[in-house]
1. For the pairs 204/236; 106/165; 52/115, flag any whose C-alpha to C-alpha distance is greater than 25 Å.
2. Considering amide H positions built from the backbone, and no H for Pro or chain starts, which residues 5 or more places from residue 81, or on another chain, come under 5 Å of its amide H?
3. Sorted from fewest to most neighbouring beta carbons within 10 Å, what does the list 193, 187 look like?
4. Residue 196 to residue 224: extension gain in nm, 0.36 nm per residue of separation minus the Cα-Cα distance?
5. Output ³J(HN,Hα) for segment 199-216: one whole-Hz value per residue in order, computed from phi by the Karplus curve 6.51 cos²θ - 1.76 cosθ + 1.60 with θ = phi - 60°, and x for Gly and Pro.
6. Cβ neighbours within 10 Å, averaged per peptide: list 68-74, 234-240 in order, most packed at the top.
7. Given H placed 1.01 Å from N in the peptide plane, which residues other than close sequence neighbours of residue 202 have an amide H under 5 Å from its amide H?
8. Using amide H atoms built 1.01 Å from N in the peptide plane, name the residues 5+ places from residue 104, or on other chains, whose amide H lies under 5 Å from its own.
Amino acid sequence: MIGPTPIRALVADDEAFARQRILQLLRQEPDFQVVRECAHGGETVEAIRELKPDVVFLDIQMPELDGFGVLEAIGPERMPLTIFATAFDQHAMQAFEVSALDYLLKPIDPDRMAKALARARAMLRGTQPDGLRLQLETLLAAGNQSDAHLTRVLVKHDEHHVFVKAGDIQWIEAEDNYVRLHVEGTSHLLRMSMATLLSRLDPKEFRRIHRSSIVNLDQIHEVHPWFSGDHVVIMKDGTRLTMSRTYRDQFKELG
């Protein structure tokens with residue numbers, strides 16, 4: 001009788017010892033087949049695109065491109081099931097563990113590895129694309145938290161999802177329970193409150209100028225006085241926004 005199709009795994013870590021540890025543990029699992037080892041992020045992206053593995057054991061800190069950069073390069077819709085193998089601190093790991101994806105804290109414990117593989121098996125038998133996308137969002141959010149400020153945002157564009165770099169956002173406006181990100185002639189709707197998004201953005205780059213708008217400071221062209229203490233903010237693309245006097249004083253701090 002022919003057995004089930006092996007689960008094809010790719011191991012990506014710049015430390016040879018760490019790769020060998022994962023390989024050693026995977027060799028004890030007859031239903032896992034390692035299709036390639038990778039030592040840096042760029043090589044990992046190429047291997048994922050070429051081989052389309054079922055699961056990737058992915059280090060976070062790698063040369064050229066870190067683990068989150070690999071996720072970004074491949075895209076959530078095409079990224080295989082991802083298990084992080086990382087030396088990140090316990091605080092970040094707790095954020096990862098909230099999601100249905102998994103992480104392995106170095107040095108890798110065999111029992112912890114067994115649990116991760118069990119999760120991988122379960123997910124590969126019944127993974128839903130939307131669920132996988134949400135799991136990647138959670139991991140990316142956790143990665144952004146480790147950098148203190150949001151560096152990229154996952155947004156829906158037509159029938160797929162794309163990453164928007166925080167620095168590419170020109171300005172943001174509130175739309176009910178959503179925010180609209182204006183980026184180089186287009187816009188993206190994101191389900192998040194203005195206050196939550198503002199708390200995640202770098203205050204050296206983004207400031208609120210009105211209860212319904214946030215601007216990228218680098219995208220401001222001119223600021224002019226207007227009526228009743230308000231000001232008009234003219235963005236580099238010509239967009240005119242109102243700065244209410246409530247938020248005016250913060251710009252004096254920027255001096």
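No value in this document is a laboratory result; all are computed from the given coordinates. This one's a predicted model, so the numbers in the text were calculated from it and none came from an experiment. When we count neighbours, we look across all protein chains shown, and the Cβ atoms used for this are built from the backbone with ideal geometry, even at glycine.
1. Beyond 25 Å between Cα atoms: 106/165.
2. 56
3. Starting with the residue having the fewest Cβ neighbours, the order is 193, 187.
4. Gain on extension, residue 196 to residue 224, equals 7.2 nm.
5. Karplus values, whole Hz, x for Gly and Pro: 5, 8, 8, 6, x, 6, 10, 10, 9, 7, 10, 7, 4, 10, 8, 10, 10, 7.
6. Those peptides, ordered most packed to least, come out 68-74, 234-240.
7. Residues meeting the criterion, in which the H sits 1.01 Å from N, are 150.
8. 84, 85, 86
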